[in-house]
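No lab work stands behind these numbers, since they all come straight from the coordinates. Keep in mind that what you see is a predicted model, and the values were worked out from it rather than measured.
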Amino acid sequence: MPTSWRRVAGSIYSLGVPARANALWSPARPTDVDEDPVELGVSLLANLEHEELSLADAMDRIETITTDPALAREILDTAELRGVIEREDGLIRPKRGTYVRFERDVVRREGEFTCKRCGTALRTGYFIRFEAGEHGPFGSSCIRTVTGRE
């Protein structure tokens, strides 16, 4: 089993512990052990650039964080309880006017990655920085889809 790695100030360091078997592992990709998937999901929904989104499209974004139906529902329920989204008739409406700013919130890294949305092998990965943690990697097209730019 490979060793987990973490990038610190542009250098890659081994943590000396086995990587999680179910993680998309890459030596240049930081582990997301400390990141709460519910908080990441709520942050992602809070920063969508859509006035409204179908539940299916919202689930497409949430599935970049988890494919567990119970956890996906918890993300939606938590976002609604916190006033981040409204749900009605199969539509999701983000209530905050915030969005991901590429210059500030998206980090580009070179390495060997697998896109969390489409599964494509990548040499350049894009990661979204939220207060709840970092989310990615994504390819150049998927980062725009996940953030609502396309």
Next item on the list: Rounded, prolate or oblate: pick one for region 84-134, where a ≥ b ≥ c are the square roots of the eigenvalues of its C-alpha gyration tensor, a/c under 1.5 means rounded, and failing that, prolate if a/b is larger than b/c, else oblate.
Entry: oblate
Next item on the list: May I ask you to give the average projected area over all directions of the convex hull of the Cα atoms of region 48-100, in nm² rounded to one decimal?
Entry: 3.5
Next item on the list: Could you work out how far the C-alpha centroid of region 36-54 sits from that of region 86-150, in angstrom?
Entry: 10
